[in-house]
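Engineer: First the structure, which I've put down as structure tokens, then a few questions once you've had a look.
The values are calculated or read from the model by the stated rules, or taken from the named source; none is laboratory data. Keep in mind it's a predicted model, so treat the numbers as computed, not measured. Note that we place each Cβ from the backbone using ideal geometry, even for glycine, and neighbour counts take in every protein chain shown.
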């Protein structure tokens, strides 16, 4: 049967009605918002849709990602979403890619084929990338996200609105190594440590995830002492080897991590002058710390997941799961920690709680540990439905270039203080002229220790992780020397050299080019040595003057559009230890319409 | 599912929402029995969202037949359903959304249902019914302590009206801790504390909220508040249209229907003493059919209110929600 035009909604702009059936739309992400967006598009008469998603379906998706059912668990989201849509709307042309949108297969020309791109993503890296691709292709992009009861929808159009990267996002929370290894004070520190312990026992070797005491902790040193031993770690070389030698003997492991290492920490007396010292705990003593009630008999969801385990139970869970995971490891090179893998999750819960007990930190239930360790952002069907509805309502308007009618809309949880559930901004958000992505000549200052930082670290940590490039080529300006190449095998000789060794010093200018993103960025290098142990190793600042401006203009609202919103451009990036929200855009909120002055609404047709 | 405790399977399935509203809310949802009247564009969205949330049972009551137009706005049915009873046709797809919920269809006329029928539900959700039937159901629900929420999508416009009776609820409020100083002089991390606050809202009966012309009822309590959201009046106009015409405005009678709407508008605005310019006639262009993405928005809002209503967690909308068909602003309007 031929498609009928009556599937196009009637009560929208008649010009948009005519465009819908010929429009080509890309949906990036087939998760909570993506499923809803696909359904809305298909039921609104869109005939040509493409969907890309890297992910496979998990049980915990099924409470909201309604195109998937239990029998689909483990299958690719994009493929199943397409099948589900086709089952109801066989006439829609829909193409699915089970792939990463970051792949070089999806270049600027791929994006140029679409009238519209709708983001339904769950992480910042992909959002940044699609933002750049749509700027380069000059295709309007609708960015959206939810987190619990809240969410937002935002139009991004080159030359019309701000881009996704115009306003810096709050840096993701991380913790200094010595807090994790020596002086935890919150449950989260113990949970991070427990994840590192998992990796120490079963995971891939990562020197940044050492769990033993850190003797290089500046706080631990006596005055005047400044030892520069090659490594601050106790028994660093042999930990994994030793673990294998003792055959993953749970009791020996327990006594090392929870007794011997703690005794060592106690010997670093400076640490405990103003802190409660930890209490070393032996395997035998741990088994005495039983709960008042019998934990064995109660095996409901509440007792297993919602209540805090006794230390004796933690010790037993530790031993049981070390043995389970050792079998799982078998002859594999390593295991990857996964919050949905029961033994891995149980082990982390047990270890985090034993450590918390030792350091007199409140203990936490498995349910809570999972939230923190897995960085789980709650997600509900209703918020996704509302946001996805708004995304497609805006899609209608973008087909006829009514950009000015698409200011950002915020979904907010109802509170007694506010009557707004859906609050649109009064106008479009203007681009930040100093944005290092969408401005005419993207420019950024990077503060880095040129004597310590290797080229590889600079490429991975600064250019890829923080400046979100995918495959950068870098040339040292003035000398014309190629430093980093996106071609494999071209520049690897430079990897382990420091920046200074290649002549990259304070004041150097680097021309960075990402061919895939069609993005050229000028980086000014500033020598910077982190002093404080809590200080991040790099700083990235778009505009140096903003630093001064920030102090002066502190009280000023950034609502007027003639001046750049200069008080938000300084960025402090720290190492990312956590992923972005599930389907949450963690963008900073702009000022919302106030409640009181919005009673009069003009009806514009 | 007589067991009050959540099974491990349910805990896994509902994990992401339990992390938001807590296990007590989930257990209340699991014990709740919901009636949905009307499963068209908006109704299908509401059904999806509350089935996914994990209620105990859902009865879908709709005596309609699937038309081609209906099929375009409802993802729970396909072409093969045309000409068949809609409540029965949605069952297979609706059940697949969540096999744990007891789901049944009822193809009888809602106006034939007696008090006994309604009293077994935790909450009744009504769409597409006339105001007199709504008020009758409201009276029955009130006498059996059953909550009620009513809503519609007309074109790009949508609304909901709630009567949650005397509604006790709790709310987790984040108490921001002031900056504490550790005794070594360094700033300690302030720890935010979550406190559970209990509150109550007393909802008015809907006959005090939805007052149409020619009912000889006093509207003084509504007039008292100046600067009412103009879409409150649009809602009343559309409800009065449905009362008089026995249907919603239809594209096939567009000009005639707009003329009727203009007449009703004059009566409604006069009744409430509101200037006729407050609501531009051009808005009537936007009330035809059901715009699917608007159904998605209203279906999300109404389902969230149902979840709040039965879980007694978080502040519910008190008591009217209005979706601006032009700016897409969604706002609460309180008629007390």
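Engineer: Taking region B:101-129, which residues are surrounded by fewer than 17 Cβ atoms within 10 Å (Cβ to Cβ) and over 23 Å from residue B:84 (Cα atoms)?
Structural biologist: B:114, B:115, B:116, B:119, B:120, listed by residue number.
Engineer: Please find, within region A:133-155, the residue that is nearest to the chain's Cα centre (by Cα) out of those that are crowded, with 24+ Cβ neighbours inside 10 Å and away from chain B (no Cβ under 14 Å).
Structural biologist: It comes out as A:145.
Engineer: Further question on the same structure: With (1) within 12 Å of chain B (Cβ to nearest Cβ); (2) in contact (Cβ under 8 Å) with a residue 60 or more places away in the chain; (3) within 23 Å of the chain's Cα centre (by Cα) as the list, and residue A:339 as the residue in question, which single condition is left unmet?
Structural biologist: It fails just one condition, (2).
Engineer: Let me ask something else about it. Here is a check on your reading of the model: is residue B:88 touching a residue at least 60 places away in the same chain (Cβ under 8 Å), assigned to a helix (DSSP H, G or I) and out of contact with any helix residue (DSSP H, G or I) (no Cβ under 7 Å at 6 or more places or on another chain)?
Structural biologist: So residue B:88 fails the test.
Engineer: Just a yes or no: is a residue in region B:260-273 in contact (Cβ under 8 Å) with a residue 24 or more places away in the chain, out of contact with any strand residue (DSSP E or B) (no Cβ under 9 Å at 6 or more places or on another chain) and at the interface with chain A (Cβ under 10 Å from one of its Cβ atoms)?
Structural biologist: no
Engineer: Got at least one residue in region A:71-82 being touching a residue at least 24 places away in the same chain (Cβ under 8 Å), within 30 Å of residue A:436 (Cα to Cα) and either touching a helix residue (DSSP H, G or I) at 6+ places or on another chain (Cβ under 9 Å) or assigned to a loop (DSSP other than H, G, I, E, B) (or both)?
Structural biologist: Among the residues of region A:71-82, not one is touching a residue at least 24 places away in the same chain (Cβ under 8 Å), within 30 Å of residue A:436 (Cα to Cα) and either touching a helix residue (DSSP H, G or I) at 6+ places or on another chain (Cβ under 9 Å) or assigned to a loop (DSSP other than H, G, I, E, B) (or both), which makes the answer no.
Engineer: Could you please find all residues in region B:131-160 being more than 14 Å from chain A (Cβ to nearest Cβ) and closer than 28 Å to residue A:9 by Cα?
Structural biologist: Hits for region B:131-160 are B:131, B:134, B:150.
Engineer: Is it the case, given these coordinates, that residue B:302 is more than 7 Å from chain A (Cβ to nearest Cβ) and touching a residue at least 24 places away in the same chain (Cβ under 8 Å)?
Structural biologist: yes
Engineer: Now for a different question. In region B:161-176, which residue that is assigned to a loop (DSSP other than H, G, I, E, B) and without any contact (Cβ under 8 Å) to a residue 40 or more places away in the chain is nearest to the other protein chains (Cβ to nearest Cβ)? Steps first, please.
Structural biologist: Going residue by residue through region B:161-176, those that are assigned to a loop (DSSP other than H, G, I, E, B) are B:164-165, B:176.
In the following step, the residues that additionally are without any contact (Cβ under 8 Å) to a residue 40 or more places away in the chain were identified as B:165, B:176.
Numbers: B:165: 18, B:176: 15 Å.
Per the criteria, the residue is B:176.
Rundown of residues vs (1) away from chain B (no Cβ under 14 Å); (2) surrounded by fewer than 22 Cβ atoms within 10 Å (Cβ to Cβ), yes/no style:
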residue: A:36; (1), (2): no, no
residue: A:40; (1), (2): no, no
residue: A:91; (1), (2): no, yes
residue: A:106; (1), (2): yes, yes
residue: A:118; (1), (2): no, no
residue: A:127; (1), (2): yes, no
residue: A:131; (1), (2): yes, no
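Yes/no matrix, rows are residues, columns are (1) touching a residue at least 24 places away in the same chain (Cβ under 8 Å); (2) surrounded by 24 or more Cβ atoms within 10 Å (Cβ to Cβ); (3) assigned to a helix (DSSP H, G or I):
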| residue | (1), (2), (3) |
| --- | --- |
| B:42 | yes, yes, yes |
| B:58 | yes, yes, no |
| B:74 | yes, yes, no |
| B:83 | no, no, no |
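Engineer: When you check residue B:316 against the structure, is it within 30 Å of residue B:167 (Cβ to Cβ), surrounded by 16 or more Cβ atoms within 10 Å (Cβ to Cβ) and in contact (Cβ under 8 Å) with a residue 40 or more places away in the chain, yes or no? Full working, then the answer.
Structural biologist: On the way: within 30 Å of residue B:167 (Cβ to Cβ): yes; surrounded by 16 or more Cβ atoms within 10 Å (Cβ to Cβ): yes; in contact (Cβ under 8 Å) with a residue 40 or more places away in the chain: yes.
So residue B:316 passes the test.
Engineer: Turning to a different aspect of this structure: Give region B:57-72 a look and list any residue that's at pLDDT 95 or above and either more than 19 Å from the chain's Cα centre (by Cα) or within 22 Å of residue A:45 (Cα to Cα) (or both), or say none.
Structural biologist: Listed by number, the residues that qualify are B:63, B:64, B:65, B:66.
Engineer: Residues that are within 32 Å of the chain's Cα centre (by Cα), within 27 Å of residue B:24 (Cα to Cα) and without any contact (Cβ under 8 Å) to a residue 40 or more places away in the chain: does region A:320-335 have at least one?
Structural biologist: Scanning region A:320-335, I find no residue that is within 32 Å of the chain's Cα centre (by Cα), within 27 Å of residue B:24 (Cα to Cα) and without any contact (Cβ under 8 Å) to a residue 40 or more places away in the chain, so the answer is no.
Engineer: Take the residues of region B:240-259 that are farther than 17 Å from residue B:289 by Cβ and surrounded by fewer than 22 Cβ atoms within 10 Å (Cβ to Cβ): which is nearest to the chain's Cα centre (by Cα)?
Structural biologist: B:243
Engineer: Still on this structure, I have one more. More than 27 Å from the chain's Cα centre (by Cα) and surrounded by 22 or more Cβ atoms within 10 Å (Cβ to Cβ) - does that describe any residue in region A:68-85?
Structural biologist: yes
Listed here are the residues, each with its yes/no results for (1) more than 14 Å from chain B (Cβ to nearest Cβ); (2) outside any helix (DSSP H, G or I); (3) surrounded by fewer than 24 Cβ atoms within 10 Å (Cβ to Cβ); (4) in contact (Cβ under 8 Å) with a residue 40 or more places away in the chain.
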residue: A:10; (1), (2), (3), (4): no, yes, yes, no
residue: A:19; (1), (2), (3), (4): yes, no, yes, yes
residue: A:46; (1), (2), (3), (4): no, yes, no, yes
residue: A:64; (1), (2), (3), (4): no, yes, no, yes
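Engineer: Residue B:201 versus (1) at the interface with chain A (Cβ under 10 Å from one of its Cβ atoms); (2) assigned to a strand (DSSP E or B); (3) at pLDDT below 95: which is the lone unmet condition?
Structural biologist: (3)
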